[in-house]
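K.L.:
Have a look at this one.
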Amino acid sequence: MSNDDPFIRYLYSLKHEDTGTLASLRRACGQRLAESRNCQWFTSISTSPADFLTATLAAQYSSDAIKIDHRWPYKDQGSIGAAWAGFCRKRKKDEDPANFYRKRQNDLSRGGTLGNIPSVHERFRTILDAELDIDGTGELAHRLRGLVRMCVAADVAIDVIQLAHDLRGWRAESRYVQERWAKAFYGQPSHATS
């Protein structure tokens, strides 16, 4: 996916959209393009349902964040897996997935009792198993909307360009996107985990 791709160029230029357009995209999150209100213009950019979902997820950031933040579109920030792990660490230090499961394994090897898995970890596992329908809707679209909104509220950056690439590949039989997200979530944090 290169900058020659019209949709990728659009994501970079999203900061130049008016607030009404961003609001329309925000409201259309999880909907089919054909059924969304005030978004039919998007077909001039891309007819891919995965691209439309990406644009509506990117629009979950506030207009000010998109327009003013010099880091937009948060390129090289890592995948959703890395962002959600960052959210978990920010929310509660003891819910850092990289450390939580290592500690859990150590407790298990010593014969200790296992506590419950944090609900934010279960939410991520559910996303990894979610289906993205060919029309860009489905369980993944619904669950990602909530996850992205929580990341946005916690000021956790999501690499929008990587998200576009990942949603385009979500339905691959090899499930390479889901594998990369899982590695980024459960692995040790880095500055740019994909």
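The values are calculated or read from the model by the stated rules, or taken from the named source; none is laboratory data. Worth saying up front: this structure is predicted, and the values here are computed from it rather than measured. Glycine gets a Cβ as well: all are built from the backbone with ideal geometry, and neighbour counts include every protein chain shown. Protein only, heavy atoms only, side chains kept; ligands, DNA and RNA dropped before computing areas. Shrake-Rupley method; radii C 1.70, N 1.55, O 1.52, S 1.80 Å.
K.L.:
Given the residues A85, A65, which is the only one that is over 16 Å from A164 (Cβ atoms), touching a Phe, Trp or Tyr at 6+ places or on another chain (Cβ under 6 Å) and small (G, A, S)?
P.N.:
A85
K.L.:
If I ask for residues that are touching a helix residue (DSSP H, G or I) at 6+ places or on another chain (Cβ under 8 Å), of a type in the set (G, A, S) and part of a loop (DSSP other than H, G, I, E, B), which ones from the range 116-166 would you list?
P.N.:
Within the range 116-166, A130, G136, A154, A157 meet the criteria.
K.L.:
For the range 1-31, enumerate the residues that are touching a residue at least 40 places away in the same chain (Cβ under 8 Å) and open to solvent by less than 10 Å² (accessible area, probe 1.4 Å).
P.N.:
Answer for the range 1-31, where residues must be touching a residue at least 40 places away in the same chain (Cβ under 8 Å) and open to solvent by less than 10 Å² (accessible area, probe 1.4 Å): F7, I8, L11, L14, L22, C29.
K.L.:
So, one more: Looking at (1) within 11 Å of the chain's Cα centre (by Cα); (2) open to solvent by 30 Å² or more (accessible area, probe 1.4 Å); (3) touching a residue at least 60 places away in the same chain (Cβ under 8 Å), can you tell me which one R143 breaks?
P.N.:
Condition (3) is where R143 drops out.
K.L.:
Here are the criteria: (1) loosely packed, with under 14 Cβ neighbours inside 10 Å; (2) part of a helix (DSSP H, G or I); (3) under 20 Å from the mean Cα position of the chain (by Cα). Tell me which single one A34 does not satisfy.
P.N.:
(3)
K.L.:
Can you tell me which residues in the range 37-80 are within 27 Å of L128 (Cβ to Cβ) and outside any loop (DSSP other than H, G, I, E, B)?
P.N.:
Of everything in the range 37-80, those that are within 27 Å of L128 (Cβ to Cβ) and outside any loop (DSSP other than H, G, I, E, B) turn out to be P49, A50, D51, F52, L53, T54, A55, T56, L57, A58, A65, I80.
K.L.:
Now a separate question. For the range 45-68, does any single residue satisfy the condition of being polar (S, T, N, Q), open to solvent by 70 Å² or more (accessible area, probe 1.4 Å), over 16 Å from the mean Cα position of the chain (by Cα) and within 25 Å of F124 (Cβ to Cβ)?
P.N.:
Within the range 45-68 (the criterion being polar (S, T, N, Q), open to solvent by 70 Å² or more (accessible area, probe 1.4 Å), over 16 Å from the mean Cα position of the chain (by Cα) and within 25 Å of F124 (Cβ to Cβ)), the answer is no, since none of the residues qualifies.
K.L.:
What number goes with the only condition from (1) open to solvent by 10 Å² or more (accessible area, probe 1.4 Å); (2) hydrophobic (A, V, I, L, M, F, W, C); (3) under 12 Å from the mean Cα position of the chain (by Cα) that A153 does not pass?
P.N.:
With respect to (1) open to solvent by 10 Å² or more (accessible area, probe 1.4 Å); (2) hydrophobic (A, V, I, L, M, F, W, C); (3) under 12 Å from the mean Cα position of the chain (by Cα), A153 is out only on (3).
K.L.:
Yes or no: G111 more than 18 Å from S190 (Cβ to Cβ) and either part of a loop (DSSP other than H, G, I, E, B) or not hydroxyl-bearing (S, T, Y) (or both)? Give the steps one after another, and end with the answer.
P.N.:
Details: more than 18 Å from S190 (Cβ to Cβ): yes; either part of a loop (DSSP other than H, G, I, E, B) or not hydroxyl-bearing (S, T, Y) (or both): yes.
Answer is yes for this residue.
K.L.:
Next question. Pairs, please: C-beta under 6 Å, at least 6 apart or cross-chain, first residue buried (at least 20 other Cβ atoms within 10 Å of the Cβ) and in the range 174-194, second modelled with pLDDT under 90?
P.N.:
R180/S194; A184/G78; A184/T193; F185/P97; T193/G78
K.L.:
Still on this structure, I have one more. Filter the range 77-111 down to the residues that are in contact (Cβ under 8 Å) with a residue 12 or more places away in the chain and surrounded by fewer than 13 Cβ atoms within 10 Å (Cβ to Cβ) and list them by number.
P.N.:
Hit for the range 77-111 is K92, nothing else.
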